[in-house]
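The values are calculated or read from the model by the stated rules, or taken from the named source; none is laboratory data. Fair warning: this is a prediction, and the values are worked out from it, not measured in the lab. Every residue, glycine as well, gets a Cβ built from its backbone with ideal geometry; the counts of neighbours run over all protein chains shown. Each accessible area value is taken on the protein alone, full model and side chains, heavy atoms only, with ligands, DNA and RNA left out. Shrake-Rupley method; radii C 1.70, N 1.55, O 1.52, S 1.80 Å.
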Amino acid sequence: MSNSLNVLAIVLFWFLSVTSLISGICGFLLKLPKFYFPECYMVNGVPGTGDTDFEKIATFVFACVYIAPIGGLVYAYFAHGAVSEAMMSASIAPLLYHAMSFFGIYFVFGRYLNPEFTSMHGAAAVHAVYAILFGVLFWAASSNETNEVFTTSSKTD
């Protein structure tokens, strides 16, 4: 069983890290056209353009929120392996962010989404899936035994 959990933790680590970094770097930090869609947010009742001061600040904050916690995951993975207390700890911040975003979209921020571009349900579903996946990573990383074939570093007691 622990071998399966180790593989699951590794797969989730890579999937969540890569997709979060793509969103954070390409979408919010660099604002690349295929990844950045300011029109999905409503700003003062009209679709966003990315040009207002608030949008610039929010975009930078989103970039930080998507990039910074993944740094902890990357460190945990390369320093301690996919199945480690470090990976469990590093997965908490993104898990909470996505869980809070899910509830925030439904109860507070959903009205700020442009219904012609995205739906409240779709945006909330994405955050729900990521919260669940980070929760599964937390659970898989809690396995007590590791198989040295699948980890990048050996675990010492």
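General remarks:
- Amide H partners (placed H, <5 Å) of LEU113, local residues excluded: MET42
- Comparing LEU12, LEU32, LEU133 in a Gaussian network model of the chain (Cα springs below 10 Å), the most mobile by mean-square fluctuation is LEU32.
- Solvent exposure of GLU55, expressed as accessible area, is near 20 Å², computed with a probe of 1.4 Å over the protein chains only.
- Share of carbon and sulfur in the accessible heavy-atom surface of the chain [1.4 Å probe, %]: 70
- Counting only protein chain heavy atoms and rolling a 1.4 Å probe, the accessible areas of PHE13, PHE35, PHE28 rank, largest first, as PHE35, PHE28, PHE13.
- In percent, rounded to a whole number, the relative contact order of the chain is 34, using alpha-carbon pairs under 8 Å and six or more apart.
- CYS40 exposes around 20 Å² of accessible area when a 1.4 Å probe is run over every protein chain in place.
- Positive minus negative residues near ALA63 (Lys, Arg vs Asp, Glu; Cβ under 13 Å): +1
- Phi to ³J(HN,Hα) by Karplus 6.51 cos²θ - 1.76 cosθ + 1.60 over the stretch 84-92, Hz, x for Gly, Pro: 7, 5, 4, 5, 4, 4, 5, 7, 5
- Taking all Cα pairs closer than 8 Å and separated by 6 or more residues, the relative contact order of the stretch 28-73 comes to 34 percent.
- Residues of the chain: accessible area per residue with a 1.4 Å probe, Å²: 57
- Gaussian network model of the chain, springs between alpha carbon atoms under 10 Å - residue of PRO38, PRO94, PRO47 with greatest fluctuation: PRO47
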